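As structure tokens, the structure follows; a few thoughts come after it.
Every read-out reported here was derived from the displayed coordinates using simple, explicitly stated rules and does not represent laboratory data. Since the structure is predicted, the reported quantities are computational estimates derived from the model, not experimental observations. Note: ideal-geometry Cβ built from the backbone for every residue, glycine included; neighbour counts use all protein chains shown.
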Ligand code: NAP
Ligand code: G4F
């Protein structure tokens, strides 16, 4: 039985990857950090299975700032594979917490690589680093591929740049099986609520139900290449099954603006939007409503034509923005036989439907609508 350590187990990708590896018969050791509130909602179903069926899912407390903890865990568990998914992953937050972000996202990767060396596991343990399309930042080429020069535009991206190169360096210096997945944005019903896609799909649900009046966003003209996290964790796994380590872009090859994401998400409930005004004064207004569609999603919705449901709030602007990302995943297609299976339309449908179901639950109202994650029994 293969053994894998997954850092960032409580995050979106940690949850999907753990489920995938368990299905493939791995023993999975998830690393989670201590929190003052429960932070395991995305993986609680795996704990339940563990208790009921004595399955192969275990976890330990850990933090990427704690070298001795990482050395102890890696030495004791002797993993075949380590997937380093833990990170302060929010780009805007990294401008407020640049030093912490550098420590966790940059030096944290070094700590794991050094722990592998200290535990004398260089020849045994394969390493995956969660690299990012944010490395391309102010893009030097369209679309972006493995050979496109990096131009990071945030403390997050700069920290991830260190992590990328230290992974390459340990591969070249010590012969480690260490690979970078340069993943473009990937989303799901489990996506953190402060990333723009989930913020939008939650707002669509809440606005349709009358729990929220307006959605406030920042730069709606930014463009992203959005895929589904389920597809992207498969690529992580495939990278570590190769004879040789390497770096791969994982993307759909299609780019869409935040504005169009909003339009598509509201269209899914039968609402079309028109935009008025410019820049910070721009607003989104309900233009038409197809009540036949809306009724199938939310009965007795209070939505009305002419209602303003979107406004721009400069609070969400970033000091330096990444305007456009679109990836070329030809290498992954050719060498890993990886292709995305979700269209953006299907992704949005799944996220909006999931959030409508979530918001309808009594629990949601009781808890004020925060910190609730879809209870997805079988997420892969
Ligand atoms: P996420 O949902 O934000 O999850 C991040 C995980 O890291 C959470 O489990 C979090 O714990 C944990 N974490 C944060 N700081 C930590 C620390 N100092 N020590 C230990 N654990 C820590 O992110 P994701 O979307 O799953 O992304 C997974 C990885 O891929 C991240 O490294 C991200 O930067 C990278 N990435 C993501 C995307 C994307 O579009 N999703 C694209 C490219 C790369 P808590 O649950 O306690 O917060
Ligand atoms: O959803 P976002 O916060 O994702 P961003 O910045 O692209 O980063 C995500 O993807 C990266 C891969 O490229 C990961 F490495 C990273 O960890 C994270 O998962 O923002 C997307 C776009 C940005 O241009 C942002 O300015 O949406 C724009 N945006 C507009 N209004 C907003 C908002 N973003 C957020 N979070 N909130 C807004 O209200």
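Structure data summary
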quantity: Calculated FRET efficiency for the pair residue 243/residue 307, C-beta based, R₀ 51 Å, to 0.05; calculated: 0.30
quantity: Rg ratio (alpha-carbon, reference 2.2 N^0.38 Å) - the chain; calculated: 1.00
quantity: From the C-alpha gyration tensor of the stretch 116-272, square roots of 5λ in Å; calculated: 36, 17, 14
quantity: Nitroxide proxy distance, nm - points 7 Å out along Cα→Cβ at residue 345 and residue 47; calculated: 4.0 nm
quantity: Distance in nm between pseudo-label sites at residue 274 and residue 60 (7 Å out along the Cβ direction from Cα); calculated: 6.1 nm
quantity: Percent of Cα pairs exceeding the 20 Å cut-off, where the set is the stretch 181-287; calculated: 48 percent
quantity: Contour minus Cα-Cα distance for residue 353 and residue 100 (0.36 nm per residue); calculated: 87.5 nm
quantity: Burial order of peptide ranges 299-308, 193-202 (average beta-carbon count within 10 Å, highest first); calculated: 193-202, 299-308
quantity: FRET E, pair residue 333, residue 193, Förster distance 35 Å, beta-carbon r, rounded to 0.05; calculated: 0.65
quantity: Kirkwood hydrodynamic radius over Cα pairs of the stretch 71-144, then Stokes diffusion coefficient at 4 °C and 1.567 mPa s, in µm²/s; calculated: 92 µm²/s
quantity: Cα gyration tensor category, rounded, prolate or oblate, for the stretch 1-110 with a/c compared to 1.5; calculated: prolate
quantity: The stretch 309-356: C-alpha gyration tensor shape, a/c 1.5 cut-off, then a/b vs b/c; calculated: oblate
quantity: Length released on extending from residue 216 to residue 24, taking residue separation times 0.36 nm less the Cα-Cα span; calculated: 65.0 nm
quantity: Beta bridges per DSSP with both ends in the chain, % antiparallel, nearest 5; calculated: 25 percent
quantity: Over the chain, relative contact order from alpha-carbon pairs under 8 Å, at least 6 apart, %; calculated: 17 percent
quantity: Calculated on alpha-carbon atoms, Rg and Dmax of the stretch 210-255 in Å; calculated: 17.0, 54
